[in-house]
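This report refers to the structure that appears directly beneath it.
Derivation of every value follows stated rules applied to the coordinates shown; laboratory data play no part. It should be emphasised that the depicted structure is a prediction, and the values quoted were computed from it without experimental measurement. With ideal geometry, Cβ positions are generated from the backbone for all residues, glycine too; neighbour counts draw on all protein chains shown.
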Amino acid sequence: MNALSLIGEALSGLEAAVVTLGTSPQTMVVIVLLCWLDGFFPLVPSESVVIAVASTLIGSGGSIMDVALLVAAAAFGAFCGDMTAYALGSRFRRNRWGLARTAQGRNALTRAHASLEQRGSSYVLAGRFVPAGRVFISMAAGATGYSRAQFTPLAALGSVMWGAWVSMLGVGAGHVLRDQPLLAVVVGVVVGVMMGLLVDRLLRALRTLKRADPPGMGSRPRAMVSAHRGAARQSGSRDNSWESLVSAMQMPVEYVEFDLHRTADGEFVLHHGSRALGVDGRRRRISSSAYVELLEAGEGPLPRYRDGLELLSAHGKRAHIDLKFTDPTGGSAADEIRAAEIALAVMGESSAFLITTLADASVRALRDWAEARSPGTLVGLSLGLHRWPSALFPGRRLRRCGANAVAVDHRVGCFRLLTWAHRQNMPVLVWTVDEGRPLRRLLTDPRVWMVVTNHPGRATLSSAGVGELTPVLAA
């Protein structure tokens, strides 16, 4: 208690010393320094000092220009403080925090990142009015990789709002709220939240206007077609085999889908299930086996990921990559990012491939990667029978993970999801549709972007009369 008392007395003395400076230029310099320090060290009394100086300005006959200068000094210092806190958070990114070494800590950081992505404006603007909140939110934004390009203008707007608010407390309402700091904070937070919600809506509207349509969206006679597992069933080849991929090259489809696994020695291979035939004749878990230990139908190694991508690229097909693995540590999703980098390097264009996965954390990591490296790449969250309620109420989960596409099992009944996604201009992949009547219905549904099927030939027949499927083959 003695230490706290000493700190309190020192801060009170600091406030009194600043007030005695009056309206001199030195006062504005001190205001900037205090507001800067308060951005990452919340014990500094920036609010009370600004309010006290504003009251002194009015009491000593200060002009409106003096008050405007005070607002500018407080806002500039606050902005510098918020950016310093963001930089400190960036210096200790999530994979270097001790907090991130536990599952609970990783989940907390993931939730913080998702919250900032969904309601970044509200959090940053409202947090500026809470002494401890501003420090936590700014540092969390930096630590979780929240975009600096998004954070900077929000921090600037929040700083101006805060500087004007605390100055007005001293000028107009100081006699009411100066002795009620908690009420002043509550009113400030309400103002910040309201402004944040308004900014959120404006930014969302702008993103909707600027969002580029994915390949095949817009005016089209039918949904696109993805050959499931290399169209293995139609070609009579084994799922995800090299023969099935070669056969798919001659089929009138825009995308070829395959399942991607990672071996114990880091090789990416094509296979559907988690186990494959080993050289010893037993089914072995792919993630626990080296590449040389695995066979394809007992005849040779499983197809390599890069080889499959090169085949698709040579024949003008787009790749639909369905990830069957996640980062075992639940951390940076390095393997998912490595797979995406390989696809970008081989396919050449960010719109030449899409990635789907059942794991929300993988979607979030891949979307962060795509924003920086491959803006045209779609990253879709797959919704199946194991989590069917998400197909009925998709908004919260999709916004949390940041998916810009959604893949849904046709068996879960996807009418509501299609309606919701259509309103959001989000492409929907429906899998796996093989029967004639559902194929005809979904191929002609304007809300469906792509149909994934084991029988592309049936899709061709189903779309006859609506629009012919034209093979896209390399010369």
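Observations on the structure shown:
- Loop-located GluC sites (Glu not before Pro) in segment 232-331 (DSSP state other than H, G, I, E, B) with a sparse environment of at most 11 neighbouring Cβ atoms within 10 Å: GLU299.
- Inter-label distance, SER288 to GLU349: 4.3 nm, where each label sits 7 Å from its Cα along the C-beta direction.
- Short-range pairs are left out: with C-alpha atoms under 8 Å and at least six residues apart, the relative contact order of segment 224-462 is 18 percent.
- Among LEU323, LEU277, a tally of other beta-carbon atoms within 10 Å of each Cβ gives an order, fewest to most, of LEU277, LEU323.
- Taking packing as the residue-averaged number of other Cβ atoms within 10 angstrom, the listed peptides 121-129, 421-429, 76-84, 363-371 run from highest to lowest as 121-129, 76-84, 363-371, 421-429.
- Whole-angstrom gap from segment 29-52 to segment 122-167, using each part's C-alpha centre: 15 Å
- Scalar couplings 3J(HN,Hα) for segment 137-150, obtained by applying the Karplus form with A = 6.51, B = -1.76, C = 1.60 to θ = phi - 60°, are 5, 5, 5, 5, 4, x, 5, 8, x, 4, 3, 5, 5, 7 Hz; x denotes Gly and Pro.
- Packing-based order for 311-319, 373-381, using average beta carbon neighbours within 10 Å, highest first: 373-381, 311-319
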